[in-house]
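Each value in this text was obtained by applying a stated rule to the coordinates, not by laboratory testing. As the structure is a prediction and not an experimental result, all values here were calculated from the model. Here the Cβ positions follow ideal geometry from the backbone for every residue, glycine too, while neighbour counts run over all protein chains shown.
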Ligand SMILES: C[S@@+](CC[C@H](N)C(=O)[O-])C[C@H]1O[C@@H](n2cnc3c(N)ncnc32)[C@H](O)[C@@H]1O
């Protein structure tokens with residue numbers, strides 16, 4: 001549930017960007033033909049196993065993330081990757097810590113303020129819209145969250161409009177059915193490519209933290225009514 005009071009608090013702190021209403025309704029896009037996982041609290045995700053596996057370092061290297069870039073952490077949750085990306089990107093870079101849960105973002109915003117991280121922007125999105133400005137992002141990561149997106153075709157379509165030329169999108173997930181909090185790799189490829197992206201790499205991450213698929217953005221986005229949905233689990 002999204003709490004307006006928390007939005008206001010974040011807004012007053014000058015940290016929050018709210019997704020603008022979009023002229024295309026989510027209903028213009030196909031709905032996924034498979035279960036959507038329930039949103040789980042992201043507090044599981046700060047565990048030492050991820051550090052031991054160097055999950056963030058593996059993502060940074062595979063996506064060629066460098067100081068000065070603009071990186072969107074879509075579904076940032078408690079900010080496991082946001083906090084580490086902030087250090088990698090440095091003073092001329094920016095991390096857009098994006099989520100649809102204002103209460104998660106309020107906690108992350110407090111942690112960002114406590115650590116005095118000047119290059120993190122908090123972005124409150126909608127299930128079908130990341131809420132990012134046009135052509136503002138060099139790299140986007142979606143880590144252990146794709147299976148929770150209620151409108152994946154709409155969200156990926158709108159995300160494409162926020163990517164700069166040469167941008168890349170990296171998705172981490174587990175190879176299991178969506179109702180078990182993963183996304184089978186073939187289903188992910190089908191859904192994301194249905195929106196016009198092209199998968200350019202996929203491999204298992206070391207340390208058992210999931211697989212990592214990298215996509216290049218569509219050269220031209222299909223019209224929403226041209227998108228053919230995929231069947232899967
Ligand atoms: C399991 S947590 C993962 C958090 C973080 N990416 C990590 O790896 O630690 C999934 C997050 O995705 C968010 N989420 C679910 N659907 C979303 C959507 N359509 N757009 C943005 N975030 C979403 C949830 O609110 C939750 O914070």
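Size of segment 131-233: Rg and Dmax of its alpha carbons, in Å, are 13.0, 40. Over the Cα atoms of segment 47-226, the radius of gyration divided by the Kirkwood radius equals 0.93; this is the Rg/Rh ratio.
If the chain between residue 193 and residue 118 were fully stretched, how many nm would it gain, using 0.36 nm times the residue separation less the Cα-Cα distance?
23.5 nm
Taking other C-beta atoms within 10 angstrom as a stand-in for reagent exposure, 163, 105 fall in the order 163, 105, fewest first. Per-residue ellipticity at 222 nm, computed for the chain from helices alone with -39500 (n - 2.57) per DSSP H run of at least four residues, works out to -8500 deg cm²/dmol. Taking other Cβ atoms within 10 Å as a rough exposure proxy, 139, 202, 121 sort from fewest to most as 202, 121, 139.
Largest mean-square fluctuation among 187, 24, 117, in a Gaussian network model of the chain whose springs join Cα atoms under 10 Å apart, belongs to 24. Can you give me the relative contact order of segment 47-226 as a percent, contacts being Cα pairs under 8 Å and 6 or more apart? RCO, segment 47-226: 19 percent.
Note on segment 184-227: Rg/Rh from Cα positions, Kirkwood definition for Rh, rounded to two decimals, is 1.07.
When both bridge partners sit in segment 90-233, DSSP labels roughly 50% of those beta bridges antiparallel. When the inverse distances between all different Cα atoms of segment 26-145 are averaged and flipped, the Kirkwood radius reads 15.0 angstrom. Need one word for segment 78-134: rounded, prolate or oblate. Basis is the Cα gyration tensor (sqrt eigenvalues a ≥ b ≥ c); a/c below 1.5 gives rounded, then a/b vs b/c decides. Oblate, because a/c is 1.5 or more while a/b does not exceed b/c.
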